[in-house]
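Any read-out appearing in this document is the output of simple, stated calculations on the displayed coordinates, not a laboratory observation. Predicted model, so just to flag it, every value in this text is computed and none were measured. All Cβ positions, glycine included, derive from the backbone under ideal geometry; neighbour counts span all protein chains shown.
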């Protein structure tokens, strides 16, 4: 009897799935049906691997909620047959996808690991092989036939992160991602070390549920010195706009000029959801710590606490389609799957 964990490898697109044509030098999509032939090291993993490829590989820059739904659908359709899932994805928007899937895959009791690479799988110095092999290995880790990882994660350059806590920070380094406000969940070295106290688990009896509705009537607005009233008004009056992630200064500060607060306050009264996140690379929003954020709190701006921009915008997209809460502010400020502090 074969009790090896079964892993489904889902290729969506991105650099990791490219090989160089030796005649033309151009990059083309890798045939994942030949995966084990090209990477014989996979034979050494103590798991079985099957592959699923998107018919048309998606460049990371073209990623959108419809593609997230497709990923979620593949996982839902294969959830009972496999013990874990590894999604190969372009690195540019990987943090957005990992964040979105963490909300869409409610009560997931199996690992969903996103990974990719900075160089193509066929490149001499590629980081693709290590990222792919270890992501699969992490997805296959079990204790008493139960997966150790039971959440949506991102694996890159020897580190496993909670997916909805990550941001891409380098376009060139192999160490391209960071988790600014919580430590990484695991690190691959001579041994694979897992920081078990940090792992997130849904209640065992909670049913796995896939959510496939995401609002796209949202946007991100970054504060900058000199922002003008007509610019802010034009943005807030965009047709059908439902929510904004406002990237503010420091611990959540924004201009205190009357026109700014009045314009924002009027939009909030009309039903616009405004989430306050810091544009700093790490740290948290503390509404009311300074006078400049106290007034934002008073007009109804919602605190994003220590959430990343990527998780904030995808959580906003997710919650805007839900009706099972009485207060949107309370619903957003409460963590759903480890994406923010309590």
- Message: Can you report the principal axis dimensions of region 46-173 using only the alpha carbons, biggest first, rounded to whole angstrom?
- Response: 39, 32, 29
- Message: Could you work out the percent of alpha carbon pairs in region 277-342 separated by over 17 Å, rounded to a whole number?
- Response: 42 percent
- Is region 146-236 rounded, prolate or oblate when judged by the Cα gyration tensor, a ≥ b ≥ c being the square roots of its eigenvalues, rounded requiring a/c under 1.5 and prolate requiring a/b larger than b/c? oblate
- Item | DSSP-defined antiparallel bridges as percent of all bridges, region 6-210, nearest 5 | 50 percent
- Specify the angular offset, from 0 to 90 degrees and rounded to the nearest 10, of the alpha carbon long axis of helix 128-140 from the longest principal axis of the alpha carbons in the chain. 90 degrees
- So, how do all the Cα-to-Cα distances of region 115-154 break down into 5 Å bins, in percent, from 0 on up? 5, 23, 23, 17, 14, 9, 6, 2
- How far, in nm, would the chain grow between residue 240 and residue 212 when pulled straight, counting 0.36 nm per residue and subtracting the alpha carbon separation? 8.1 nm
- Ratio Rg/Rh, restricted to region 262-310 and using Cα atoms, in which Rh is the Kirkwood radius: 0.98
- Query: Relative contact order for region 6-210 using alpha-carbon pairs under 8 Å, separation at least 6, rounded to a whole percent?
  - Reply: 22 percent
- Report the antiparallel proportion of the DSSP beta bridges in the chain as a percent, rounded to a multiple of 5. 35 percent
- Item | For the chain, average projected area of the Cα convex hull in nm² | 19.3 nm²
- Task: Report P(r) for region 110-263: all Cα-Cα distances, bin width 10 Å, range 0 to the bin holding the largest distance, values in whole percent.
- Result: 9, 28, 24, 23, 14, 3, 0
- Cα centroid separation, region 299-342 to region 77-111 (Å): 20 Å
- Query: To the nearest 10 degrees, how steeply does helix 65-78 sit against the main Cα axis of the chain, on a 0 to 90 scale?
  - Reply: 40 degrees
- Percent RCO, i.e. relative contact order, over the chain, from Cα pairs under 8 Å lying at least 6 residues apart: 15 percent
- Query: Using the alpha-carbon centroid of each, what span in Å lies between region 40-62 and region 262-296?
  - Reply: 41 Å
- Task: Provide the FRET efficiency to the nearest 0.05 for the residue 24-residue 292 pair, computing r from the beta carbons and using R0 = 56 Å.
- Result: 0.50
- Message: Between 0 and 90 degrees, rounded to the nearest ten: what's the tilt of helix 258-269 against the longest Cα principal axis of the chain?
- Response: 70 degrees
- Note on the structure: Computed over region 218-333, the Cα gyration tensor eigenvalues, each multiplied by 5 and square-rooted, give semi-axes in Å (largest first) of 19, 17, 13
- Query: Once you put a point 7 Å from the Cα of residue 220 and another 7 Å from the Cα of residue 55, both along the Cβ direction, what distance in nm separates them?
  - Reply: 3.1 nm
- Note on the structure: Contact order relative to length for region 218-333, counting C-alpha pairs under 8 Å separated by 6 or more residues, stands in percent at 26 percent
- Counting each DSSP H run of 4 or more residues in the chain as -39500 (n - 2.57), what helix-only mean residue ellipticity at 222 nm follows after dividing by all residues, to the nearest 500 deg cm²/dmol? -7500 deg cm²/dmol
